[in-house]
Amino acid sequence: MYWSLLLFLPACFALNMAPGPNNLLAMNNGRNYGFNVAFIAGLGRIVAFIIMITLAASGLAAVLYASETLFYTIKMLGAVYLFWLAFKLWCSSALHIAKKVANGSGNKELIKQEFMLAAGNPKAILIFTSFLPQFVDVNRNVQQQFVTLGGLFLLLEMVALSGYALFGMYLSQWFTRPKTAGRFNKGCAVLLSVSGVNLLFSKS
């Protein structure tokens, strides 16, 4: 188990740090609203991952993966949500959104966005059904190992979330002008759209 952890931790952290849709969203939230709001919003993805880890540990995720229709339905819904989020970001005013969050009416929406992005990405399910089991010793308590590996994954995910949120907050000083901030939002919208296209046409 200990040797497995030595291999698991760096490989897992590389997955956590990959610039996927959730990390991109955390960076943009960090730039617009600051670290605290971005981190709290990121807990939405943690909840989604906890659900996925629970499903994987119970074996239900394998059933989901075996159902091609259900799997691709989730993929399509995830891609559509990415496009919708990209559209909203493209059309948004950074100052208007920041005021909305400052008034307390946008925090739940940001948490929902993080949750929906994670839950609508079937590749996240594959991480827990294909990646984690590689480090499980079948001669020992499998569920206990899933809990340990899943807990480490979530911990590293929060580290990655914090890193992207801090980086976004650092970028905020370079985007103080509304016009420049708008261009950054549009750039993030394009990257989210690319992620949506990649999700839509990926074979796995």
Taking the full set of protein chains and a 1.4 angstrom probe, give the accessible area of CYS91 in square angstrom, rounded to the nearest 10.
80
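Please compute the net charge surrounding SER4, taking Lys and Arg as +1 and Asp and Glu as -1 over other residues with Cβ under 12 Å from its Cβ.
Working: positive: ARG140; negative: ASP137.
For residues surrounding SER4, the net value is 0.
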Taking r as the C-beta separation of LEU155 and PHE35 and R0 as 30 Å, the FRET efficiency to the nearest 0.05 is 0.95
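The values are calculated or read from the model by the stated rules, or taken from the named source; none is laboratory data. Every value quoted in this text rests on a predicted model; they were computed, and no experiment measured them. Glycine gets a Cβ as well: all are built from the backbone with ideal geometry, and neighbour counts include every protein chain shown. The accessibility values were calculated without ligands, DNA or RNA, using every heavy atom of the protein model including side chains. Shrake-Rupley method; radii C 1.70, N 1.55, O 1.52, S 1.80 Å.
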